[in-house]
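*Asks:* I have a structure here, written as C-alpha cells, and I will follow up with some questions on it.
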Amino acid sequence: MKKCSLLYVTFALVILLGFVHFVAESLYLYWTVWWLDNIVHALAGFTIGLFIIWFLFYSSIFYKRSPTILESILNALLYVIIIGIGWEIFEYVNGITQSTEGYTLDIVHDLIADALGAILAGIIGSRGIFRTTADPTYLQS
C-alpha cells in the first residue's frame, strides 16, 4: 500500500474545512447548532497542526529525522495556539465576533478546541504513517 504524503492529507482537510465553513455560514448553522463551532475549530487545529508537522519534519527543510511524539505535540500546539490567538484578534478587530455567550468564554472554547485538534495532529503526525518510502532524505530515528 502506497503511503500518502502528509501535505496531501492536509490539503484535503483544508478543502473539507472550507466546505464545512461555507455550508455552516450559508445555512446559519453556527448560530443554530451550538457545537458546530467547536468541531470546526478542532478540525482547523488538526489541519494546521498536521501542516506544521509536515513543514518542520516531513518537508526536510528543518529536520531530517522522525519527530518524537512530544516534539510533534509541542510544535503543533505552539503554532496552532499562536495562529488561533491571531485569528481571535482578527475577528475582534474586524467586528466579526457573534458569540451568544460572553466573548471571553467563546475565545476560551475556541482555543481549547484548537488545542485538542493540535494535540491529535501531534499524536498522528509523530506516527510516521504519512512518510513516503520514495523520500531518501527522510531518516528514521
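The values are calculated or read from the model by the stated rules, or taken from the named source; none is laboratory data. As the structure is a computational prediction, the values presented were derived from the model and not from experiment. Here the Cβ is made from the backbone with ideal geometry for all residues, glycine too, and neighbour counts use every protein chain on show.
*Asks:* Looking at the range 35-52 only, could you name the residues that are more than 18 Å from Ile96 (Cβ to Cβ) and either in contact (Cβ under 8 Å) with a residue 40 or more places away in the chain or assigned to a helix (DSSP H, G or I) (or both)? Before the answer, list the steps.
*Replies:* At the first step, the residues of the range 35-52 found to be more than 18 Å from Ile96 (Cβ to Cβ) are 35, 39, 42-43, 45-52.
Passing the criteria: Ile39, Ala42, Leu43, Gly45, Phe46, Thr47, Ile48, Gly49, Leu50, Phe51, Ile52.
*Asks:* Name the residues in the range 66-82 that are in a helix (DSSP H, G or I) and crowded, with 17+ Cβ neighbours inside 10 Å, would you? Reasoning before the result, please.
*Replies:* Looking only at the range 66-82, we keep the residues that are in a helix (DSSP H, G or I), and these are 69-82.
Listed by number, the residues that qualify are Glu71, Ser72, Ile73, Asn75, Ala76, Leu77, Tyr79, Val80.
*Asks:* Continuing with this model, one more query. Can you report the number of residues in the range 53-79 which are within 17 Å of Ala113 (Cα to Cα) and not aromatic (Phe, Trp, Tyr)?
*Replies:* Looking only at the range 53-79, we keep the residues that are within 17 Å of Ala113 (Cα to Cα), and these are 73-79.
Those still in the list that are not aromatic (Phe, Trp, Tyr) too: 73-78.
Looking only at that region, the number is 6.
*Asks:* Out of Phe22, Phe90, Phe55, report the one residue that is surrounded by 12 or more Cβ atoms within 10 Å (Cβ to Cβ), among the aromatic types (Phe, Trp, Tyr) and part of a helix (DSSP H, G or I). Walk me through how you get there before you give the answer.
*Replies:* Values: Phe22 fails: surrounded by 12 or more Cβ atoms within 10 Å (Cβ to Cβ); Phe90 fails: surrounded by 12 or more Cβ atoms within 10 Å (Cβ to Cβ).
One residue alone meets the criteria, Phe55.
*Asks:* Could you tell me whether any residue of the range 8-18 is in contact (Cβ under 8 Å) with a residue 60 or more places away in the chain, of a type in the set (A, V, I, L, M, F, W, C) and assigned to a helix (DSSP H, G or I)?
*Replies:* Of the range 8-18, the ones in contact (Cβ under 8 Å) with a residue 60 or more places away in the chain are 9.
Checking which are of a type in the set (A, V, I, L, M, F, W, C) leaves us with 9.
Still in the running and assigned to a helix (DSSP H, G or I): 9.
Scanning the range 8-18, I find at least one residue that is in contact (Cβ under 8 Å) with a residue 60 or more places away in the chain, of a type in the set (A, V, I, L, M, F, W, C) and assigned to a helix (DSSP H, G or I), so the answer is yes.
*Asks:* To continue, here is another question. Being of a type in the set (Gly, Ala, Ser) and within 19 Å of Pro67 (Cβ to Cβ) is the filter here; which residues of the range 80-123 pass it? Give the derivation first.
*Replies:* As a first pass, look at the range 80-123 and keep what is of a type in the set (Gly, Ala, Ser): 84, 86, 95, 99, 102, 113, 115, 117-118, 121-122.
The answer is Ala115, Gly117, Ala118, Ala121, Gly122.
*Asks:* Identify, please: which residue in the range 61-111 is in contact with a Leu (Cβ under 8 Å, 6 or more places away or on another chain) and at pLDDT below 95 and is, among those, nearest to Glu25 (Cα to Cα)?
*Replies:* Of all residues in the range 61-111, those in contact with a Leu (Cβ under 8 Å, 6 or more places away or on another chain) come to 62-67, 75-76, 81, 84-85, 88, 99.
Among the residues that remain, those that are also at pLDDT below 95 are: 62-67, 88, 99.
Values: Phe62: 38, Tyr63: 39, Lys64: 41, Arg65: 41, Ser66: 39, Pro67: 37, Glu88: 18, Ser99: 14 Å.
Ranking the qualifying residues of the range 61-111, first place goes to Ser99.
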